[in-house]
Amino acid sequence: MAVYQVGEKFRESKRKSVAVFECECGVRFVGRTDMRPASCGCQTKRNQSEAAKRRPASRTTHGMFGTRVYRVWSSMIQRCSNQKNHAWGNYGGRGIRVCSRWEKFEEFYYDMGEPNGLTLERKDANGMYEPANCIWATPQEQACNRRSNVKTTVDGITKTASEWANEAGSYPRKRIAINIKAGKTGREAVFK
């Protein structure tokens with residue numbers, strides 16, 4: 001591809017001047033004269049297009065790179081497999097793994113679908129990332145599943161101190177957690 005200067009140099013400064021160039025494809029553009037352009041950019045596009053045609057079908061992608069669901073999947077993989085990841089100690093370092101099926105993004109997306117503003121949650125906080133153990137959850141639902149939560153059982157129903165505080169309306173969450181840690185049983189911790 002050849003480029004021809006069609007106008008005089010203009011806007012000269014100490015180090016550069018620009019001029020109007022015309023590419024063989026007919027496009028006119030302004031470029032620096034000290035770094036004579038090879039083309040208007042059409043050659044680069046042509047090269048990329050030809051490279052895409054030569055790429056084997058097995059290397060084609062799902063087209064979802066950069067989407068929210070892809071970032072969630074990628075973060076999950078990194079937390080569980082990359083020892084340099086800041087969260088690895090709480091995931092891969094504790095033995096939390098991703099099932100072999102979900103090592104491929106397409107399979108994860110097929111099983112989980114779109115997050116629609118929700119976050120990826122493991123039902124069992126000590127279990128692995130797999131279809132049977134994962135759901136999309138709100139941040140509030142996810143907060144109730146932390147390992148650090150203090151839980152108690154009242155009438156066969158186990159909830160966190162925060163959930164009991166919301167339901168009972170008697171004590172603040174912190175008071176219920178203190179009662180539980182002090183050894184009080186469920187009903188006594190929540191309602192007295």
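The values are calculated or read from the model by the stated rules, or taken from the named source; none is laboratory data. From a predicted model like this one, the values you see are computed outputs, not experimental measurements. Cβ atoms come from the backbone with ideal geometry, glycine included; neighbour counts cover every protein chain shown. Note: areas computed on protein heavy atoms with side chains; ligands, DNA, RNA excluded. Shrake-Rupley method; radii C 1.70, N 1.55, O 1.52, S 1.80 Å.
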task: Restrict the check to region 172-183 and report whether at least one residue is out of contact with any His (no Cβ under 8 Å at 6 or more places or on another chain), open to solvent by 40 Å² or more (accessible area, probe 1.4 Å), among the small types (Gly, Ala, Ser) and modelled with pLDDT under 75.
output: no
- prompt: residue 128 fails exactly one of the following numbered conditions: (1) in contact with a strand residue (DSSP E or B) (Cβ under 9 Å, 6 or more places away or on another chain); (2) open to solvent by 60 Å² or more (accessible area, probe 1.4 Å); (3) modelled with pLDDT under 90. What is the number of that condition?
  reply: (3)
field: Single condition residue 151 does not satisfy, out of (1) crowded, with 17+ Cβ neighbours inside 10 Å; (2) closer than 30 Å to residue 185 by Cβ
entry: (1)
message: It is to be established whether one or more residues within region 19-32 are open to solvent by less than 70 Å² (accessible area, probe 1.4 Å), at positive phi and either modelled with pLDDT of 75 or more or more than 39 Å from the chain's Cα centre (by Cα) (or both).
response: yes
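Pull up region 107-125, narrow it to residues that are part of a loop (DSSP other than H, G, I, E, B) and in contact with a helix residue (DSSP H, G or I) (Cβ under 7 Å, 6 or more places away or on another chain), then point me to the one that is least open to solvent (accessible area, probe 1.4 Å).
Within region 107-125, the subset part of a loop (DSSP other than H, G, I, E, B) is 113-118, 123-125.
Within this subset, residues satisfying the condition of being in contact with a helix residue (DSSP H, G or I) (Cβ under 7 Å, 6 or more places away or on another chain) are 114-115, 123-124.
Values: 114: 83, 115: 4, 123: 115, 124: 80 Å².
Per the criteria, the residue is 115.
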- prompt: Restricting attention to region 71-106, which residues are free of Cβ contacts under 8 Å to residues at least 12 places away in the same chain and open to solvent by 80 Å² or more (accessible area, probe 1.4 Å)?
  reply: 71, 83, 84, 86, 90, 100, 104
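Taking residue 153, is it hydroxyl-bearing (Ser, Thr, Tyr), in a strand (DSSP E or B) and in contact (Cβ under 8 Å) with a residue 24 or more places away in the chain? First the steps, then the outcome.
Details: hydroxyl-bearing (Ser, Thr, Tyr): yes; in a strand (DSSP E or B): yes; in contact (Cβ under 8 Å) with a residue 24 or more places away in the chain: yes.
Against the criterion (hydroxyl-bearing (Ser, Thr, Tyr), in a strand (DSSP E or B) and in contact (Cβ under 8 Å) with a residue 24 or more places away in the chain), residue 153 qualifies.
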